[in-house]
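Structure, as structure tokens:
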Amino acid sequence: MIAIIKYNGGNVNSVQNAVSRLNADSIITDDFDTIRNADRVIFPGVGEASSTMENLKEKGLDLLIPSLRQPVLGICLGMQLMCGDNEEGNTIGMGIFDIRVRKFPAKDIVPHMGWNTVSQLRSDLFSGIEDNSDVYFVHSYYCEQSEFATSVCDYILPFSASLQKDNFYAMQFHPEKSGTVGNRLLENFLKL
């Protein structure tokens, strides 16, 4: 069973639909026991960092998520909240990845929205996916380059497009909106 974490961030239904297309059972939940006992956990997100982090704290999910031992996948805002210092609302994330989250420079077109390439792929999640594949992004804040980066994207500046540390995986882009590449990424995650 795949637990998709329920909180005030959007996007949970489209993630569940993508998982269902892969013939995997999932549940949208904020129940601690269900999340702890799931085979895999997906932490999706669309929204604003500070209010979302407050919602996670109210439910205790900010302490539960970093304690999980099964494979965990953060998506978009989920990835950013798995990091540390975040410029959006001066938010302190969960610190799973010791990375700063910064706003793209205002002089350019923000948000970064649409298809873009990811390169320097290095993770089991990218098995069977070619370097410079296109994926779908929607974000105004980015995770700085890091030793945890498993792919890089260049929009205004290079940034970490995906991360991995131990059992924690994260993607700034939306695999559920990234066509065949996104399906393969989710399929790879379900096989970890």
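The values are calculated or read from the model by the stated rules, or taken from the named source; none is laboratory data. Keep in mind that this is a model prediction, so the values were computed, not measured. A quick note on method: Cβ atoms are made from the backbone with ideal geometry, for glycine too, and the neighbour counts reach across all protein chains shown. The protein model used for the area step is the full one, side chains on, heavy atoms only, and it has no ligands, DNA or RNA in it. Shrake-Rupley method; radii C 1.70, N 1.55, O 1.52, S 1.80 Å.
Give me log10 I(q)/I(0) at q = 0.24 Å⁻¹ for region 122-161, Debye formula, one equal scatterer per alpha-carbon, no solvent.
Values returned for q = 0.24 Å⁻¹ are -0.92.
Using alpha carbons only, what's the Rg to Rh ratio of region 119-187 with Rh from Kirkwood? Provide the component values of the computation, followed by the final result.
Numbers: Rg = 11.1 Å, Rh = 12.1 Å.
With Rg and the Kirkwood Rh in hand, the quotient comes to 0.92.
P(r) tail for region 49-133, what percent of Cα pairs lie past 16 Å?
Of all Cα-Cα distances in region 49-133, 63 percent exceed 16 Å.
Whole Å is fine, so just give me how far the alpha carbon centre of region 159-186 lies from that of region 1-72.
So the two Cα centres are separated by 15 Å.
Place the peptides 92-100, 114-122, 38-46 in order of packing, highest mean first, counting for every residue the other Cβ atoms within 10 Å and averaging per peptide. Don't skip to the answer; put the middle values down first.
On the way: 92-100: 19.6, 114-122: 15.2, 38-46: 23.4.
Going from most to least packed, we get 38-46, 92-100, 114-122.
Report the antiparallel proportion of the DSSP beta bridges in region 1-126 as a percent, rounded to a multiple of 5. Can you show the working numbers first?
Details: 2 of 13 bridges.
Once the DSSP bridges in region 1-126 are tallied, antiparallel ones form about 15 percent.
For the chain, which whole percent of the accessible surface, found with a 1.4 angstrom probe, sits on carbon and sulfur atoms?
In the chain, the share of accessible area belonging to carbon and sulfur is 45 percent.
Using a Förster radius of 22 Å, what is the FRET efficiency between ILE156 and SER14 based on their Cβ-Cβ separation? Nearest 0.05, please. Present the calculation step by step, with values, prior to reporting the outcome.
Values: r = 26 Å, r/R0 = 1.20.
Result of the calculation: an efficiency of 0.25.
What Kirkwood Rh does region 1-66 have if only Cα atoms enter the pairwise 1/r average? Answer in Å.
Values: mean 1/r = 0.0830 Å⁻¹.
About 12.1 Å for region 1-66.
Defining a contact as two alpha carbons under 8 Å apart and six or more residues distant in sequence, what relative contact order in percent does region 1-105 show?
Details: 194 pairs, mean separation 25.7, N = 105.
Worked out over region 1-105, it gives 24 percent.
Counting only C-alpha contacts under 8 Å and six or more residues apart, can you give the relative contact order of the chain as a whole percent? Spell out each step's value before the answer.
Numbers: 429 pairs, mean separation 35.3, N = 192.
Once divided by the residue count of the chain, the mean separation gives 18 percent.
For region 80-129, just run the numbers: alpha carbon Rg, then divide by 2.2 N^0.38 Å, N being how many residues it has. Mind showing how you got there, number by number?
On the way: Rg = 14.1 Å, N = 50, 2.2 N^0.38 = 9.7 Å.
Here the answer is 1.45, to two decimals.
Computed FRET efficiency, Cβ-Cβ of ASP33 and ASP85, R0 25 Å: what is it to the nearest 0.05?
0.20
Measuring with a 1.4 Å probe in the full set of protein chains, what accessible area per residue, in whole Å², belongs to the chain? It would help to have the intermediate numbers written out before the result.
On the way: 8350 Å² over 192 residues.
Per-residue accessible area for the chain comes out at 43 Å².
So what are the ³J(HN,Hα) numbers for region 71-79, from phi and the Karplus equation (6.51, -1.76, 1.60; θ = phi - 60°), rounded to whole Hz, Gly and Pro as x?
Karplus values, whole Hz, x for Gly and Pro: x, 10, 10, x, 10, 6, 4, x, 4.
Would you please report the Å³ per residue occupied by the convex hull of the alpha carbon atoms in region 94-153?
On the way: hull volume 6.0 nm³, N = 60.
Enclosed volume per residue, from the Cα hull, is 99 Å³.
Place a +1 charge on the Cβ of each Lys and Arg in region 13-73 and a -1 charge on the Cβ of each Asp and Glu, then give the dipole magnitude about the Cα centre in debye, rounded to the nearest 20.
240
Relative to 2.2 N^0.38 Å, what does the C-alpha radius of gyration of region 1-113 come to as a ratio? Two decimals please.
1.08
Rounded to the nearest 500, what is the chain's calculated 222 nm mean residue ellipticity when only DSSP H runs of at least 4 contribute -39500 (n - 2.57) each, over all residues? Numbers along the way, then the final one.
Values: 6 runs with 52 residues, N = 192.
The per-residue figure over the chain is -7500 deg cm²/dmol.
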